[in-house]
Amino acid sequence: MPNTAAKRVIDTYLLRKNPDYALLVDAPFGSGKTHLVKQVTNCDADPTRLYVTLYDVQSSDAFDWALVRAINPWSEEANASWAARAKELASGIQVFGCTVDMTKVNITEVALRSLPDTLIFDDIERCSLSHAQLSGKINRFVEHQRKRVILIANSDAHKDKDAFDASREKLIGQVITLRPKLEATLAASWSKISAGQGLDVLKARRELIIRTFQEAGHQNLRLLLHSMRDVATMLDAMEPKMLEHEQSVDYLTATFLALHMAYHGGVLSKEDMRNRQRLGRRILSKVNKIEDSPDALKSLQETHPDCNIEAGYNDVLPEKMGYFWIVEGYFDRDLTREALRETHKFSDPDEQPDWVRLWKWHEQPLPDLESAVRSIAEKRKQCEITEPGEILQIFGAEQFIAKHQESSDVKALTRKWYNYICDLSKAGKIRPAIPTSERGGRYGFSWSHGTIAYHGLAFEPDRRAMLLARRLQFEMDSAFERNTGNICIKLLKLLSEEPSEFVKYFTYNEAGENYSQTPILHRLPLEKFASILLSLFDENRQTARLIANTLSQRRLGHNAELALERPWFDGLEKKLLEQSGSKSGLYAAQVSLFISRDLKPS
C-alpha cells in the first residue's frame, strides 16, 4: 500500500470509538513504518496516544514495565531491569497528573488504569514472549478496555510466524502492508551524506543504486542508507583521476553496496568478509580439492552477478580493503588508493605494467599490444622479470592468447618459461621465499585456493602453469635456505638490541616479514640465544618475560611445521640452566623459576 493510502487508513482508525480490533502495520525492517505511524498519530506530543516498544521484552512483568516506561520516559535507564527501575520509582511517579506511590500500588495496576485510549505497540516480531502470551495481553486492551491498538511488525521476520498469522483472525481486524518508498528515500538521502566527490558519484548512479538494492531483496531502506553513507566516504578517499574510469567506479560502487548491506544485514559474517577469496570452485591439483566456500558467499554472488563478491579473479574491491571499510568502518586514505591502483582498473593503459596490458590484449590497439609484447621479450632476454607473480601472470596471459592462435605451441611456451626460471636461479636473481603475513604469502603470489592470483588478477592454472609455479616455489625455497645464515644473524641482533622488534617477527598480525607460522628458531645457535636472553633477564626482567612468553605461545601452537623447533626449545632450557649455574646456585634458581613460569607452556 502506498504511504498516502496508509495514512488515510490510520487516520480513519484513530477516529473510531471502541473499534474492537487492532490495526497492523506490516513492512520489512528499515522501510519507515515506525516513522510513518509516529508521524500520523503524533504520539510523541499527543498525550492520548502512547507508543510502546516491545523490543526484547522477555516476561509478563517486563511487558507491564514497558508500559510504565513509555508513560514516564524519563525513568528509563540503559541496562536496568524492570524490577531495578521500579525501585528507582518507589518514592513516587507522575501518571497523567496523579502522584502514585510505587511502594503501595502494583506496577500492573498503574499501567492498566492510566493508559490512554490509543496504544501503539512496535517491534512485535522482536518480543521474546510467546506470541500466544503476547496476543492475550494485547487483546485485553482491544476486547475488554475498548482501546484503539496499532501494532507495528515485520511479519516475515517473526520467529513464531504461524502463531502470529493465526492470531490475526481474533485480534487484528485490518492490515496495512507498506511498500518501501525507494525513490523518496534516495531523494532524502543526499542531505544525509557529506558533500564531496563521493556524493556526486552516487547522485550520478541512481539507477545502479536502485538495481543493487532491488537485487538484494531485503527491502531495508536503513541498510541502503547506511551503505550509501559509507561508500560515499570510501569514494571521497579516491584520487579524483580514478573516478574518470566510470565502468570501474560502477563496478566498485555496486560491489561495496552489495557487500555492505549483506554484512550489516547479517547475511555475511566477519569470517566471510575476511575470506572472500574462498568463494567458488578451486582446483589445487588433480588429487587435492577443497570444499566449496560458505553458502552465504556463493548465494550473494548469485544474487549480485555483476559485483565483485568473489575476490581473486578480477578484483575491484580487494579483500583487505573491503574488510576494513565495511567491517571496521575505516581504511587509511593512502592504503585505499594503493589497493585500488593494484587492481589496475583505475589507471590508463599506458600507466599499467606490461603483464596487465598483455592480459587485456583483446582490448588493446594493435600497436600498443605489440609494444607490450616487445617490452616483455626484451626484459626476458635480459633476465629482468624477476617477480614470481609477474612471471606466472605473463605465462598465463600468453597461454590464453595462444588458445586463439592457429600456429601456437603451448609446450614450447612452457619450456621457454621453465628454462627462464632456471636461468634466473643460476644468475642468483630468484628472491628468497621470505615468510610474510600479507596476502600472497612467502612467494608473492596467492595459490592457496586454486587460482594463481597476483595484484588483483587471477587465473585457474592448468598442469603447465602448476609446473612453473612449483618450480618457482622450489627455487625460492632453495634461496631461502641459502639465506638462513643472514636471517639468523639479523634475528639475534634484534633480540639483543631491539627485543620488541624481535617479537614482531613472531606475532601473527604483524605486517611484512613474519615467522609466526614458519620454523626458524631451530636454526638459531642455542649458546648465543641463551646468552642474550640471560643478559635481558639481568637488565630488564619485564623484557625477558616478553620474549619468554612469545616463545611459550609458540610452543603451544598446533602448526605441524613448528614441531621442528621442539628439540630446540628443550635445548634452550638446558643452556639457560647451564649458563646460569656457572654463575651461582642462587642465580640458577631464579632462572629455573623464570623457565617454569614464563618459558614453559602451561
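A few notes on this one:
- Cα-based reach from K38 at 13 Å (exclusive), listing aspartates and glutamates while leaving out same-chain residues under 8 positions away: D11, D46, D122
- Cross-link pairs exceeding 23 Å in C-alpha to C-alpha distance, out of K360/K403; K574/K600; K345/K411; K381/K426, comprise K345/K411.
- The accessible-area ordering, largest first, of the residues S128, S155 stands as S128, S155, per a 1.4 angstrom probe.
- Distances between placed amide hydrogens fall under 5 Å for A311 paired with Q277, L279, all partners being 5 or more residues away or on another chain.
- Using Cβ point charges alone (K and R +1, D and E -1), the dipole size of the stretch 162-271 about the Cα centre works out to roughly 400 debye.
- Seen against the Cα atoms of the chain and their longest principal axis, helix 526-539 is set at about 50 degrees.
- With K and R counted +1 and D and E -1, the other residues having a Cβ less than 9 Å from that of C422 yield a net charge of 0.
- Look at (i) 28.9; (ii) 30.1; (iii) 24.8: the one that is Kirkwood radius over Cα pairs in Å derived from this structure is (ii).
- Legend: calculated FRET efficiency, R274 to N314, from the Cβ-Cβ distance at R0 = 25 Å, rounded to 0.05, equals 0.80.
- Normalised contact order of the chain, rounded percent, pairs of Cα under 8 Å and 6 or more residues apart: 10
- This model, with +1 at the C-beta of Lys and Arg and -1 at the C-beta of Asp and Glu, gives the chain a dipole about its Cα centre of some 900 debye.
- Under 11 Å from a label point set 7 Å out along the Cα-to-Cβ vector of S478, the amide N atoms of the stretch 425-465 belong to 425-428, 430.
- Carbon + sulfur, % of accessible area of the stretch 173-214 - ligands and nucleic acids excluded, 1.4 Å: 50
- Taking label positions 7 Å along the Cα-Cβ direction at both Q590 and D20, the computed distance is 9.2 nm, reported to one decimal.
- FRET efficiency, 1/(1 + (r/R0)^6) with R0 41 Å, evaluated for D306 and K7 via beta carbons: 0.65
- Sites listed here are chymotrypsin sites (Phe, Trp or Tyr not before Pro) in the stretch 140-232 whose DSSP assignment is loop and whose Cβ has at most 13 other Cβ atoms within 10 Å, and the list is empty.
- Of all aspartates and glutamates in the structure, those lying under 18 Å Cα to Cα from K493, and not within fewer than 8 positions of it along the same chain, are E501, E513, E527, D538, E539.
- Annotation note: trypsin sites (Lys or Arg not before Pro) in the stretch 16-61 located in DSSP loop regions with a Cβ neighbour count of at most 12 within 10 Å are R16, K17.
- Distance in nm between pseudo-label sites at A166 and E501 (7 Å out along the Cβ direction from Cα): 7.1
- Phi angles across the stretch 185-192 convert, under the Karplus curve 6.51 cos²θ - 1.76 cosθ + 1.60 with θ = phi - 60°, into 3J(HN,Hα) values of 5, 4, 4, 7, 6, 4, 6, 9 Hz, Gly and Pro given as x.
- Backbone HN-Hα couplings from phi across the stretch 244-256 [Karplus 6.51/-1.76/1.60, Hz, Gly and Pro as x]: 6, 8, 5, 5, 5, 5, 4, 4, 5, 5, 4, 4, 4
- Summarising the amide proton neighbourhood of C127: residues at separation of 5 or more, or on other chains, whose placed amide H is nearer than 5 Å comprise D56.
- Ligands, DNA and RNA are left out, and with a 1.4 angstrom probe the accessible area of the stretch 112-244 is 45 Å² per residue.
- Take the Cβ atoms of K379 and K159, set R0 to 51 Å, and the FRET efficiency comes out at 0.20.
- Antiparallel DSSP beta bridges within the chain, as percent of all bridges there, nearest 5: 35
- Restricting the stretch 329-417 to chymotrypsin sites (Phe, Trp or Tyr not before Pro) that sit in a DSSP loop and have at most 11 other Cβ atoms within 10 Å of their own Cβ leaves nothing.
- Candidate aspartates and glutamates for bridging to K7, where Cα separation is under 15 Å - those fewer than 8 sequence places away on the same chain excluded: D26
- C-alpha long axis of helix 366-381 to longest principal axis of the chain, angle in °: 50
The values are calculated or read from the model by the stated rules, or taken from the named source; none is laboratory data. The model shown is predicted, which means the values in this text are computed figures rather than measured ones. Neighbour counts are summed over all protein chains in view; Cβ atoms, including those assigned to glycine, are modelled from backbone coordinates with ideal geometry. Surface accessibility is based on the protein's heavy atoms, side chains included, excluding ligands, DNA and RNA. Shrake-Rupley method; radii C 1.70, N 1.55, O 1.52, S 1.80 Å.
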